[in-house]
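The values are calculated or read from the model by the stated rules, or taken from the named source; none is laboratory data. Since this is a predicted model, take the numbers as computed values, not measurements. Cβ placement follows ideal geometry from the backbone for every residue including glycine, while neighbour counts extend to all protein chains displayed.
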Amino acid sequence: MTTELTWFKSSYSSNEGGACVEVAETTAAVLVRDSKDKTGPQLAFDPAAWQAFVAFAATTEA
């Protein structure tokens, strides 16, 4: 059985040049893809690793 993923784009993603990523969550992984290539490859992260990345990114200035 295939489950439909719900993808979302961060409000912090840049719209300049179309440089955006989308994220979807499952119970086993957090998936990331290029918003311009919806059928292209996806990166999969362990939820704990993704949470650590997001926490780090929130404390770092661009």
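Structural remarks
- Restricting segment 1-33 to residues that are modelled with pLDDT of 85 or more, part of a loop (DSSP other than H, G, I, E, B) and not charged (D, E, K, R), the residue that is surrounded by the fewest Cβ atoms within 10 Å (Cβ to Cβ) is Thr27.
- Cβ-Cβ under 7 Å pairs, at least 6 apart or on other chains, segment 38-62 side charged (D, E, K, R), far side modelled with pLDDT of 95 or more: Asp46/Ala29
- Looking only at segment 17-62, residues that are more than 20 Å from Thr6 (Cα to Cα) and among the polar types (S, T, N, Q) come to 2 in all.
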